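The values are calculated or read from the model by the stated rules, or taken from the named source; none is laboratory data. Just so it is clear, the structure is predicted and the values come from calculations on it, not from any experiment. SASA here: full protein model, heavy atoms, side chains in, ligands and nucleic acids out. Shrake-Rupley method; radii C 1.70, N 1.55, O 1.52, S 1.80 Å.
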Amino acid sequence: MSHEILAKLTSSLVEGEPDDTVALTRQALNHQLEPLTIINEGLVPGMEIVGARFQSGEYFLPHLIIAASGMQQAMALLEPELRARQQTVESRGIVVIGTVKGDIHEIGKSLVGTMMSASGFQVHDLGVDVPTETFVAKVKETGANIVGLSALLTTTMTVQREVIEALEEAGIRSQVKVIVGGAPVSQEWTNTIGADGYAEDAVGAIELGKHLMT
Ligand code: B12
């Protein structure tokens, strides 16, 4: 039964039925499925299929927007559940996360933020298209241990380097670990710009965050 709900959840994203995605997410929660299971085994596979179909030319932008809307509505239901489970977990550290200036891709960044939050990090999500100076100001304000920079475009990857430079100029680079991610980002790029870590998905980001805090 649980497997069936998760499979239907995946299909609802692929078929572009956001109302079904929301209804099935509620159903999955009612069946006592863990929010992380719903995300990892229901929603993420759906977005991966949609992404692959877009890349192969089978899907176009409207398909993506509809799928993204379904994913975001589902995440809005799951986030309070994830947070509720965090209440018993000790804070692992303060994380500031956002998608860099010029880039409006939200889903992966939000997933990383939500999942890090669910794993016990205190997460401040600045949203998308975040000005470099806002990252710096928020790191100062919160005393963040980690700043996460998401970039999904080859044209906005370079902004990750700009944020690192701005942290250096503000004299706080040594106080905060910079982690980077997004589809075009690699370990090689991470080394090139002098970031402290890279993860290719949200699960990897949690491991990376834990590792950097030890
Ligand atoms: C959905 C989507 C959109 C949606 C975004 C909706 C939203 N609210 O987010 C919409 C339709 C708005 C969109 C717009 C555009 N998009 Co788009 N989009 C995608 C798509 C299909 C999926 C992205 C996604 O959500 N994936 C699902 C999530 C779960 O994965 P993810 O984002 O990669 O995140 C994971 C990891 O990367 C990692 N991660 C992400 N961030 C971080 C941060 C840290 C700190 C860490 C550690 C890890 C991490 O963990 C995440 C979770 O597992 C990708 C294709 C792809 N395969 O990536 C194209 C893609 C990124 N888009 C692309 C393009 C070109 C655009 C547009 C320029 C299109 C246009 N002509 O208008 C605009 C960009 C506008 C702008 N200024 O930003 C290109 C980029 C090409 C390039 N290399 O530069 C891609 C690769 C598609 C393609 N092959 O052409 N897009």
(request) Rank Ile97, Ile164, Ile49 by mean-square fluctuation in a GNM of the chain with C-alpha springs under 10 angstrom and give only the top-ranked residue. (result) Ile49
(request) Identify which of Glu168, Glu200, Glu141 has the largest mean-square fluctuation in a Gaussian network model of the chain, with springs joining Cα atoms closer than 10 Å. (result) Glu141
(message) If every alpha-carbon in region 58-214 counts as one equal scatterer, what log10 I(q)/I(0) does Debye give at q = 0.10, 0.21 1/Å?
(response) -0.33, -1.41
(message) Taking the Cα centroid of region 183-208 and of region 23-72, what is the distance between the two, rounded to the nearest whole Å?
(response) 23
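If you roll a 1.4 angstrom probe over the protein chains with everything in place, what fraction of the accessible area of the chain belongs to carbon and sulfur, to the nearest %? Could the numbers behind the result be given before it?
Values: 5390 of 10500 Å².
C and S atoms contribute 51 percent here.
As a test of the definition: which semi-axes, in Å, follow for region 1-53 when you take the square root of five times each eigenvalue of its alpha carbon gyration tensor? Largest first, please. Show your work: numbers first, answer last.
On the way: eigenvalues 61, 26, 13 Å².
They are 17, 11, 8 Å, listed from largest to smallest.
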(request) Go through His63, His124, His3 and list them by solvent-accessible area, largest first, probe radius 1.4 Å. (result) His3, His63, His124
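Nearest 500 deg cm²/dmol is fine: what mean residue ellipticity at 222 nm does the chain get from its DSSP H runs of n ≥ 4 alone, each adding -39,500 (n - 2.57), divided by its residue count? Present the calculation step by step, with values, prior to reporting the outcome.
Numbers: 10 runs with 123 residues, N = 214.
Counting only the DSSP helices, I get -18000 deg cm²/dmol.
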(request) Just give me a number: lysine pairs in the chain, eight or more positions apart or cross-chain, with C-alpha atoms less than 14 Å apart. (result) 4
